[in-house]
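Below: the structure, in structure tokens.
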Amino acid sequence: MSREIYNSEELAMFKKVQRIAYEAVCKVAERLEPGMTEKQAASMVAEELNKEGVRRYFHRPFAWFGDRTKFADFKKIGTLSFWKLFGLPHFGKQFQPSDRRLTEGMPVILDVAPTIDGYAADIGYATWCGTNVEVEQARMDLRKYRSLILKGVRNGSYLSTIYEDVDLAI
């Protein structure tokens, strides 16, 4: 397995793109209301990023509401020859934002991967509309593992090692 080494200027650019993406989804999360569709929420993320000068994406914004946040009933589509050629799964249009409407208590995922000057950051942000005790508890639980993840990153651990460490702690 190889490691990629980045200099401080490159890391600063990745952080910049990540910060811009994160701030955009946070702004949209604050404006979510019952009745909005996933398509509307995704468009709002794109609008926020457009204000920051983002014109390119590794992948465009998407939003998932409710049971879609846990990949409920997502099917791998194996008939597309391009994806089969490389042995990669393809999930088709089911990843795209839908006309599903947000209701009180629904969990939400906002996800985007903007590219600026050749640097991309893929971020996913989980939140909820109104009150959702289960999601609030999950967020509190995850705080316990954040330091473990950061420690692994700062030590230069492989992602697989970090994953195993967090999984053991859980």
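Details
- Modelled FRET efficiency - R0 25 Å, Glu136 with Ile170, Cβ distances, 0.05 increments: 0.90
- The packing ranking, built from the mean of other Cβ atoms within 10 Å per residue, places the peptides 7-15, 44-52 in the order 44-52, 7-15, highest first.
- Here the extension length gained between Lys39 and Lys144 equals 34.5 nm, from 0.36 nm per residue of separation less the Cα-Cα distance.
- A Förster radius of 41 Å combined with the Cβ-Cβ distance from Lys16 to Ser160 puts the calculated FRET efficiency at roughly 0.90.
- Amide H contacts of Met106 (H built 1.01 Å from N, in plane; Pro and chain starts excluded): Cys129 sit under 5 Å, all sequence-distant by 5 or more or on other chains.
- Remark: for residue pairs Lys15/Lys151; Lys16/Lys70; Lys16/Lys144, the C-alpha separation exceeds 19 Å in Lys16/Lys70; Lys16/Lys144.
- Amide hydrogen proximity for Gln96: with H placed 1.01 Å from N in the peptide plane, no residue at 5 or more positions away or on another chain lies under 5 Å.
Throughout, read-outs are computed from the coordinates displayed, never taken from laboratory work. Here the structure is a predicted model, which means the values were calculated and not measured. Cβ: placed from backbone, ideal geometry, glycine included. Neighbour counts: every protein chain shown.
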